[in-house]
Amino acid sequence: MIEIDGERIRMFKSNTRAEYDRYSQVRKIVSSGLVQLQEPLEFVQIGSRFHIPIEVLIESHSGPNVAPNIVGLGQSIAIGEMNYLLKQFQLFVSNRDHIEEISFDSLLKLLTTYNLEPRSVLIPLDFYSALHLGKFGNLFVDYSNYDPFLALGWSRIPIYWSNNYVPFDQFIFVGNELGHWIVKPDPKDGHALTIDVQEIRDGRVDVIIKTVACFAHGSSKSGLIIDVHSPKKVVTSPRNTD
């Protein structure tokens with residue numbers, strides 16, 4: 001009878017969680033924590049059941065061992081979290097506006113109008129090149145420890161870009177009071193990512209990998225969603241390097 005190796009399960013969980021931690025962004029975009037609030041919350045399960053080859057979780061005595069890892073599992077959960085959070089923003093944020101021509105002045109004016117000091121900003125990837133090339137004057141991308149920040153006057157706002165898996169076409173500014181990312185941890189070991197390795201079936205192992213989480217609403221006015229034109233339609237000026 002084939003038995004799953006306990007140490008390889010531990011390594012599989014550790015590898016999957018390391019990948020998840022590397023890609024998960026929701027806990028940076030909004031404040032986060034484990035379950036502590038008393039009010040009723042609507043939790044969702046973000047994840048899936050996967051079938052993985054048994055070789056991943058058993059020690060081979062007749063040949064080379066397969067690494068106790070499936071690349072992409074942790075990242076897929078992180079992508080699911082981002083899409084859930086993005087939908088929550090689009091449903092909950094009450095401040096909406098638009099900009100005909102994006103610039104330092106136009107963004108600063110809107111943030112001042114809505115009295116918002118953002119902790120993070122989600123930006124469509126269409127603006128990636130233009131912001132990096134300084135085509136919006138004093139509005140550009142700065143870096144610290146390889147992390148991108150939107151330079152806006154004295155402010156440096158952490159940037160999170162859209163991508164093929166998490167698409168959006170608006171600027172979304174997130175304030176500290178917009179909401180809170182709440183997680184029910186794995187009951188076995190307390191990690192935010194729950195991993196349940198189940199029984200062997202037809203040469204494969206059923207594994208459930210998920211986060212049980214919710215976006216607990218705060219103030220709907222502690223955020224701002226801005227419709228903007230694509231950089232191709234915007235008249236820009238070179239960045240002042242003096």
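The values are calculated or read from the model by the stated rules, or taken from the named source; none is laboratory data. Since this is a predicted model, take the numbers as computed values, not measurements. Note that each Cβ is placed from the backbone with ideal geometry, even for glycine, and that neighbours are counted across all protein chains shown.
The table below gives the values:
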{"read-out": "Selection within the stretch 145-174 - in a strand (DSSP E or B) and small (Gly, Ala, Ser)", "value": "151, 155"}
{"read-out": "From 65, 115, residue being on the phi > 0 side of the Ramachandran plot and either in contact with a Lys or Arg (Cβ under 9 Å, 6 or more places away or on another chain) or surrounded by fewer than 18 Cβ atoms within 10 Å (Cβ to Cβ) (or both)", "value": "115"}
{"read-out": "Considering residues of the stretch 45-93 that are small (Gly, Ala, Ser) and more than 21 Å from the chain's Cα centre (by Cα) only, the residue modelled with the lowest pLDDT", "value": "63"}
{"read-out": "Matching residues, the stretch 183-228, being β-branched (Val, Ile, Thr) and assigned by TED's automatic domain parsing to the domain that holds residue 46", "value": "183, 194, 195, 197, 200, 205, 207, 208, 209, 211, 212"}
{"read-out": "Any hit, the stretch 155-170, residues being loosely packed, with under 14 Cβ neighbours inside 10 Å, under 15 Å from the mean Cα position of the chain (by Cα) and in contact (Cβ under 8 Å) with a residue 24 or more places away in the chain", "value": "yes"}
{"read-out": "Any hit, the stretch 133-151, residues being surrounded by 15 or more Cβ atoms within 10 Å (Cβ to Cβ), touching a strand residue (DSSP E or B) at 6+ places or on another chain (Cβ under 9 Å) and closer than 24 Å to residue 75 by Cα", "value": "yes"}
{"read-out": "Flag if residue 179 is touching a Gly at 6+ places or on another chain (Cβ under 7 Å), crowded, with 21+ Cβ neighbours inside 10 Å and in contact (Cβ under 8 Å) with a residue 24 or more places away in the chain", "value": "yes"}
